[in-house]
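Reading through the structure tokens given below for one structure.
The values are calculated or read from the model by the stated rules, or taken from the named source; none is laboratory data. All values derive from a computational prediction rather than experimental measurement. All Cβ positions, even for glycine, are placed from backbone atoms using ideal geometry, and neighbour counts span all protein chains on display. When the accessible area is computed, the model is the full protein with side chains, heavy atoms only, and any ligands, DNA or RNA have been set aside. Shrake-Rupley method; radii C 1.70, N 1.55, O 1.52, S 1.80 Å.
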Amino acid sequence: MRDDHSGYEDTEWWRTHFSGLMLDLWQSLLPSERAAGDADFLQTACQLLAGSRILDVPCGEGRVACELANRGFRVVGVDISADLLRVARQRAEQRNQPVEWHEGDMRHLPWEQSFDAAFCWGDSFGYMDDAGNEQFLAAVRRALKPGGRWAMEMGMVAEVLFPRYREELTREVNGLGVALRRSYNAKQGRLTVDYTLTRAGTEERRSASYRIYNCSDLCRMLERAGFVIDRLYGGPQSPFQIGSERLCIVATNGTGK
């Protein structure tokens with residue numbers, strides 16, 4: 001996959017990234033109570049009605065999908081990582097939560113006008129090149145009913161990332177040593193992150209590449225895909241601005257296009 005505008009060639013690193021120690025890290029990054037807060041936000045911002053059918057894509061380990069299912073919503077989760085889906089299924093089974101899980105590529109969703117709402121949470125947008133990211137948005141719009149709502153949460157957006165940018169970071173998460181080295185290619189608009197993970201004498205290395213858009217870029221992409229921007233949030237109740245902790249975009253699937 002090649003994006004001629006940026007010169008970036010997609011290695012599809014994300015297909016195997018979330019495994020081994022990286023899977024352990026991913027599950028440890030957010031406190032368990034965060035899922036309830038995220039579900040509160042989605043329920044309010046997307047105006048979810050009782051019994052709404054909701055798509056979580058990519059769903060990762062299913063923490064938000066399971067929380068929404070626990071509230072009575074009909075939830076479908078899609079992810080390309082078999083390891084993440086295994087964790088998601090275990091989470092749902094332990095809590096007796098009826099989530100429908102699918103392993104697949106988020107650019108190729110099989111549904112048409114099937115969901116009342118959909119969301120992409122946990123910095124899961126921007127993995128691919130521009131063409132792939134736009135293909136993902138087009139697939140989501142096809143899967144949504146006319147007037148259905150779409151929500152995205154991002155920390156890997158320029159107004160959030162760069163005020164806090166550091167080339168190297170080292171920390172420990174639940175006994176797991178994490179060292180990051182970042183490099184930003186301004187021409188391509190991509191951030192490369194090299195991870196070194198260590199635990200009990202075991203070391204694993206991973207590399208990831210994220211397309212860094214600014215908020216305006218994302219809004220234009222969504223509008224080209226047929227969405228109408230409803231609101232930009234920097235937190236549950238606050239508007240988005242430079243230095244916000246994250247960007248949450250809520251948009252509506254436009255009709256007549």
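Each helix, a run of at least 4 DSSP H residues, gives -39500 (n - 2.57); summed and divided by the residues of the chain, these come to -8000 deg cm²/dmol at 222 nm. Taking the Cα centre of the range 113-175 as reference, the dipole from Cβ charges on Lys and Arg (+1) and Asp and Glu (-1) amounts to some 360 debye.
Ordered by 1.4 Å accessible area with all protein chains kept, Ser19, Ser32 run largest first as Ser32, Ser19.
Spread over its residues, the convex hull of the C-alpha atoms of the chain is 123 Å³ per residue. The residues of the range 126-257 expose, per residue, 48 Å² of accessible area to a 1.4 Å probe. Between Glu168 and Ser216, the simple spin-label model (points 7 angstrom out along Cα→Cβ) gives 3.5 nm. Among the protein heavy atoms, those of Arg53 account for about 50 Å² of accessible surface (1.4 Å probe, every chain in place).
The apolar share of the surface of the chain, taken as the fraction of accessible area on carbon and sulfur atoms (1.4 Å probe, ligands and nucleic acids excluded), comes to 45 percent. Determine how many Å³ per residue the convex hull of the Cα atoms of the range 65-188 encloses. Each residue corresponds to 151 Å³ of Cα convex hull volume. Computed from the Kirkwood radius of its Cα pairs, the Stokes-Einstein diffusion coefficient for the range 170-221 at 25 °C and 0.890 mPa s stands at 192 µm²/s. Accessible area per residue for the range 1-120 is 47 Å², calculated with a 1.4 Å probe on protein heavy atoms, without ligands, DNA or RNA.
Dipole orientation for the chain: of the candidates Ser28, Tyr210, Gly77, Gly77 has the Cα lying most toward the positive pole (charges on Cβ; Lys, Arg +1; Asp, Glu -1). The stretch between Ala179 and Glu204, if pulled fully straight at 0.36 nm per residue, gains 7.9 nm over its current Cα-Cα span.
In the assembled protein chains, Trp14 presents an accessible area of approximately 20 Å² (probe radius 1.4 Å). In this rough spin-label picture, where each label sits 7 Å from Cα along the Cβ direction, the Glu93-Arg246 distance is 2.8 nm. Once C-alpha pairs closer than 8 Å and six or more residues apart are averaged by separation and normalised to the residue number of the range 64-106, the relative contact order reads 51 percent. Both the radius of gyration and Dmax for the range 1-109 are 15.3, 47 Å, in that order, over alpha-carbon atoms.
Placing unit charges on the Cβ atoms only, positive for Lys and Arg and negative for Asp and Glu, gives the chain a dipole magnitude near 380 debye about its Cα centre.
The tail of the calculated P(r) for the range 187-257 beyond 21 Å holds 50 percent of all Cα-Cα pairs.
The DSSP beta bridges internal to the chain are antiparallel in roughly 70% of cases.
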